[in-house]
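Read the structure below first, then the notes.
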Amino acid sequence: MPPLSRRPLELALTLLFFTANLPCSAGTKAGFSEKDITPEVGMEVPGGYGKSFSKKIHDPCKVRATVFDDGKQRVALVGLDALVVPRPLVLAARGAIKNRCGINAVLSGASHSHSSGPIGMVLPGEFDHASEQIRELAYQKSSCADAAYLKRVQDAIVQAVCEADSLKTEGTFGFGSGHEDQVAFNRRIRMKNGLSYSHPGKGNPDNIDFAGPTDPEVGVIGFWNPDGVLSGCVVNFSCHATASGPWVSANWIHYMEKAIQGFYGAQTKVVFLQGACGDVTQVNNLDLHANPESDAWSQWVGGRVGAEALKVLLGMSQTRTSDVPLDAKHKILLIPRRTPSKERLEEAHQQIQLPPSDPLWIWAKETLLLEALIQKTPVVESEVQALQIGPVVCISDPAEYFCAYGLELKKRSGFPMTFPVELANGCVGYVPTEEAFGPHGGGYETRLTSYSNLEITAGTQFQNTGIDLAKAMHPAPLPQRPAAPPFKQPWLYGNQPPQLR
């Protein structure tokens, strides 16, 4: 047969080959996975200015991951039951994930559980460059991460993301939000002297009002597999995870998960992403009633947030979709640290001679640790990331981010739904609003320490960068309930006049 007569057949086979390898248009897929990262009893429990050690386990700590795939892009969301997620761990986990399963866009956010494993505050080797005195203050007198535990968490992130990727199925997605305004309160209170104090105490006669907002929105993404079973969900809410007792725990997130799984079953995975809550906790300083006991308090917060998320999930039965476009963008900011004055440094060297029980000793220690950090890293690498899941954009920052910023992200992102995700892809400490540094500001979050030291415009830089990233995307609309069929006639049994006898 002449060569030209084979062209139609070759073209047909070529077309068949390339068509078979085009991305599937059946819809976006999703997979979920979780891995245990419960620390051993006796390990450090981070979250304070000194050392504390666990004595028992209340409930497991987990890495919770989901991967979405629209055929063109894959994105992963990772929620950790952890105080923070250090930047070196994030970068190492991302590199391993890329090598193992090829996913580039990974957002890892900590729940900020103050009852979790030794993942902060001081990292191994972080102060090896400093003097003997500073090394002792850092490694012996401060909350420290455990190298083996850091590696365990890193491996668990990689395993959870890659397993979630391997478990992807087609299905339907739902999006929605609820309202829970009874469990979270701004911890900064405006005082009669015009300043704002953190946790000034119930019944303080100088209390006037809350110095900042809260965010009552409970944002939810749900995914149902082809059998109509809820495989997993993503929940976003803004409240410190400090409602627990002297034990290892996922904190109130544990009870949020139980509330959702109580209806849908234990197989349902719950990925929690902490909102902007740098100044928001479960403590209401203006309420004159006693606080609940620790575990009851955790149940109160987690149960109510979980119940609200459950209500939102149940409302998605008529608004699910399989068409969920994805996108991912990020930007690295280089932000200088604020430098303590010469007078403050001299004062700190004197006050470090005080007993550690004296609050002035704590601030002196923090000032000296900050001085050592500035010698090593005067400028801090800070990542802002935006991941799109259909009508939702997750905008991350690496800080304990004040709530007002999260509300501004929601207002200006251009998306139907916005999930601010704090303490994600690294940790730079507290980032208050610029107003908090002004004449009516204050609170320990604004104190210059090793954990709160970026220039005061850092929060605004994070905010504007996140909004710019979101504006470069194309939001999908929220799915709507189907319209009712055209009216024909009233219900024949219902259109009856009253009958008295």
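Does N104 satisfy the criteria of being among the polar types (S, T, N, Q) and without any contact (Cβ under 8 Å) to a residue 24 or more places away in the chain? Against the criterion (among the polar types (S, T, N, Q) and without any contact (Cβ under 8 Å) to a residue 24 or more places away in the chain), N104 does not qualify.
For V270, the test of being closer than 30 Å to P479 by Cα, in contact with a Ser or Thr (Cβ under 6 Å, 6 or more places away or on another chain) and either of a type in the set (A, V, I, L, M) or surrounded by 15 or more Cβ atoms within 10 Å (Cβ to Cβ) (or both) is failed.
Within the stretch 308-332, being buried (at least 18 other Cβ atoms within 10 Å of the Cβ), among the aliphatic types (A, V, I, L, M) and either within 22 Å of the chain's Cα centre (by Cα) or outside the structural domain of N225 (by TED's automatic domain parsing) (or both) holds for A309, L310, V312, L313, V324, L326, A328. From the list A138, A160, the one residue that fits, being of a type in the set (A, V, I, L, M) and either over 22 Å from the mean Cα position of the chain (by Cα) or modelled with pLDDT under 95 (or both), is A138. Residues in the stretch 131-173 that are of a type in the set (G, A, S) and either part of a strand (DSSP E or B) or under 25 Å from Y49 (Cα atoms) (or both): S131, A138, S142, S143, A145, A147, A148. All conditions in (1) among the acidic types (D, E); (2) closer than 30 Å to P39 by Cα; (3) out of contact with any strand residue (DSSP E or B) (no Cβ under 7 Å at 6 or more places or on another chain) hold for D181, with the sole exception of (2).
The combined condition, being without any contact (Cβ under 8 Å) to a residue 60 or more places away in the chain, more than 16 Å from the chain's Cα centre (by Cα) and not in a loop (DSSP other than H, G, I, E, B), is not fulfilled by A243. The set of residues in the stretch 178-188 being crowded, with 22+ Cβ neighbours inside 10 Å and either polar (S, T, N, Q) or outside any strand (DSSP E or B) (or both) consists of V183, A184, N186, R187.
Taken as a whole, the condition of being closer than 26 Å to C427 by Cβ, in contact with a Lys or Arg (Cβ under 7 Å, 6 or more places away or on another chain) and in a loop (DSSP other than H, G, I, E, B) applies to V283. Screening P292 on (1) in contact with a strand residue (DSSP E or B) (Cβ under 9 Å, 6 or more places away or on another chain); (2) assigned to a loop (DSSP other than H, G, I, E, B) shows it passes everything except condition (1). Checking each residue of the stretch 252-274 against the condition of being within 19 Å of the chain's Cα centre (by Cα), assigned to a loop (DSSP other than H, G, I, E, B), of a type outside the set (K, R) and under 21 Å from C394 (Cβ atoms) gives no match.
The values are calculated or read from the model by the stated rules, or taken from the named source; none is laboratory data. Keep in mind it's a predicted model, so treat the numbers as computed, not measured. Every residue, glycine as well, gets a Cβ built from its backbone with ideal geometry; the counts of neighbours run over all protein chains shown.
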